[in-house]
Amino acid sequence: MSLYFNVYFFPFWWLITVAILYLKYPVLSDYYKFILVTIMILVSLTELIRLYLGYVGNLLEKVPELAGFWLLTLLPQLPIILFLLFNEGLKIHSLERAVHIIFAAFLSFQVVAAFFTLRRMVNTLAARFRRTEFHRLEEQRPGPSAAGPAGGSSSRGWQGPRAGGDRAPRA
């Protein structure tokens, strides 16, 4: 559900952030201008990829996509939003602070939820793999033969290698 609401919140966040950036752009120093424009481009591209991976990984239960979503949330997105939220050199507007807090809450919740979902998904897939392998091995295992001890043949079976060299099993 967090991903669903994030899809609708992100365009709102982007519009508010770009509008406030446009208003405060003339009063920012040159390096903050460069940093903010770079951040907006990076966040925009990363967020589109991140949300796509989250939907595919979650709905189709694909571990690599969900792991990519988790990593993109944890590494570039969350630190960038925290930078935008707590760096006072950016001359943060109150509306901007409010939308950054909501976005940071979404990201924080998604990092935790994706971690536990990944862990559960990997454990489930590993158990399914082990069960499949067990059934495959059970099918390959030979059943009881008709010429066993109850069938009248010798009960001694294979005796292994002997002192005289490798010989065939005694009948």
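Here are a few things to note about the model shown:
- Selection status of residue 35, over 16 Å from residue 8 (Cα atoms), without any contact (Cβ under 8 Å) to a residue 12 or more places away in the chain and outside any helix (DSSP H, G or I): no
- Any chance residue 125 is touching a residue at least 24 places away in the same chain (Cβ under 8 Å), surrounded by fewer than 18 Cβ atoms within 10 Å (Cβ to Cβ) and in a helix (DSSP H, G or I): yes
- With respect to being under 28 Å from the mean Cα position of the chain (by Cα) and assigned to a helix (DSSP H, G or I), residue 53 fits the description.
- Residues satisfying the stated conditions in region 77-106, i.e. in contact with a helix residue (DSSP H, G or I) (Cβ under 7 Å, 6 or more places away or on another chain) and under 18 Å from residue 29 (Cβ atoms): 84, 89, 90, 91, 93, 96
- One residue stands out among those in region 14-60 that are under 17 Å from residue 72 (Cβ atoms) and touching an Asp or Glu at 6+ places or on another chain (Cβ under 9 Å): the one that is surrounded by the fewest Cβ atoms within 10 Å (Cβ to Cβ), which is 52.
This table checks each residue for (1) at pLDDT 95 or above; (2) in a loop (DSSP other than H, G, I, E, B).
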| site | (1), (2) |
| --- | --- |
| 77 | yes, no |
| 82 | yes, no |
| 95 | yes, no |
| 112 | yes, no |
| 139 | no, no |
| 143 | no, yes |
| 147 | no, yes |
| 150 | no, no |
| 157 | no, yes |
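- Evaluating residue 71 against the criteria (1) surrounded by 12 or more Cβ atoms within 10 Å (Cβ to Cβ); (2) modelled with pLDDT under 95; (3) closer than 27 Å to residue 128 by Cβ leaves one unmet condition, (2).
- Every residue from region 60-71 that is farther than 11 Å from residue 3 by Cα and in a helix (DSSP H, G or I): 63, 64, 65, 66, 67, 68, 70, 71
- Counted residues, region 58-99 - those being free of Cβ contacts under 8 Å to residues at least 24 places away in the same chain and of a type outside the set (Lys, Arg): 16
The values are calculated or read from the model by the stated rules, or taken from the named source; none is laboratory data. Values in this document were obtained by computation on a predicted structure and should not be read as measured data. Reconstructed Cβ throughout: ideal geometry from the backbone, glycine too, with neighbour counts over all protein chains shown.
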